[in-house]
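Structure first, then comments.
The values are calculated or read from the model by the stated rules, or taken from the named source; none is laboratory data. Being a predicted model, the structure only gives us computed values, none of them experimental. Glycine also receives a Cβ, built like all others from the backbone with ideal geometry; neighbour counts cover every protein chain displayed.
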Amino acid sequence: MEIVFKKPFKFEGNEYNKLDIDLDAMTGKDITDELNILSNTGHISASAPLDVTFQAHLAARAAKQPVELIMALPAPEFMHICQRVQNFLLS
């Protein structure tokens, strides 16, 4: 899926107008790897598909971008991406 930002977004010297987040290309291993990464940092989630931190990590992996980029997005874009990932996970 392509997410087009309302305004250009700058991160670490690069400007982004959109992100291509290819959730359909992800594997079960990709998803469990992200769960393990979060678990190893002490992050606890009662329901991973509803957890915005987990959603952000999956979006970053699917976009082949650092999770820090997703976390640095303005709140409306961040929440839009998380909602799309949640919809994917719950579909």
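So how many residues does segment 66-85 have that are in a helix (DSSP H, G or I) and either touching a strand residue (DSSP E or B) at 6+ places or on another chain (Cβ under 7 Å) or surrounded by fewer than 17 Cβ atoms within 10 Å (Cβ to Cβ) (or both)? Working first, answer last.
Of segment 66-85, the ones in a helix (DSSP H, G or I) are 67-72, 75-85.
If we keep only those that are either touching a strand residue (DSSP E or B) at 6+ places or on another chain (Cβ under 7 Å) or surrounded by fewer than 17 Cβ atoms within 10 Å (Cβ to Cβ) (or both) as well, we get 68-69, 71-72, 75-77, 79-81, 83-84.
Final tally of qualifying residues: 12.
Spot the failing condition for ALA59; the list is (1) free of Cβ contacts under 8 Å to residues at least 12 places away in the same chain; (2) assigned to a helix (DSSP H, G or I), and only one is missed.
The number of the failed condition is (1).
Here is a check on your reading of the model: is LYS6 part of a strand (DSSP E or B) and at pLDDT 95 or above? Explain how you work it out, then say what you get.
Values: part of a strand (DSSP E or B): yes; at pLDDT 95 or above: no.
In short, no.
Can you give me the number of residues within segment 15-36 that are loosely packed, with under 15 Cβ neighbours inside 10 Å and in contact with a strand residue (DSSP E or B) (Cβ under 9 Å, 6 or more places away or on another chain)?
Adding up the residues that qualify gives 4.
Filter segment 37-65 for residues that are within 15 Å of LEU23 (Cα to Cα) and out of contact with any Asp or Glu (no Cβ under 9 Å at 6 or more places or on another chain); which is surrounded by the fewest Cβ atoms within 10 Å (Cβ to Cβ)?
Taking segment 37-65 and keeping what is within 15 Å of LEU23 (Cα to Cα), we get 49, 54-65.
Now narrow it down to the ones that are out of contact with any Asp or Glu (no Cβ under 9 Å at 6 or more places or on another chain): 49, 55-56, 59, 65.
Values: PRO49: 15, GLN55: 25, ALA56: 21, ALA59: 27, GLN65: 17.
Restricting to residues being within 15 Å of LEU23 (Cα to Cα) and out of contact with any Asp or Glu (no Cβ under 9 Å at 6 or more places or on another chain), the top hit is PRO49.
Need pairs with beta-carbon distance below 9 Å; first residue without any contact (Cβ under 8 Å) to a residue 12 or more places away in the chain and within segment 27-43, second small (Gly, Ala, Ser); sequence gap 6+ or separate chains.
Sorted first by the residue in segment 27-43, then by its partner, the pairs are SER39/SER45.
Are there any pairs with C-beta distances below 6 angstrom linking a residue in segment 63-91 that is over 19 Å from LEU50 (Cβ atoms) to a residue that is of a type in the set (Val, Ile, Thr), with the two at least 6 apart or on different chains, and if so which?
From segment 63-91, the pairs are ALA63/ILE21.
Only one residue in ALA56, ALA60, ALA75 is touching a Leu at 6+ places or on another chain (Cβ under 7 Å) and of a type outside the set (Lys, Arg), so which one is that?
Working: ALA56 fails: touching a Leu at 6+ places or on another chain (Cβ under 7 Å); ALA75 fails: touching a Leu at 6+ places or on another chain (Cβ under 7 Å).
The conditions single out ALA60.
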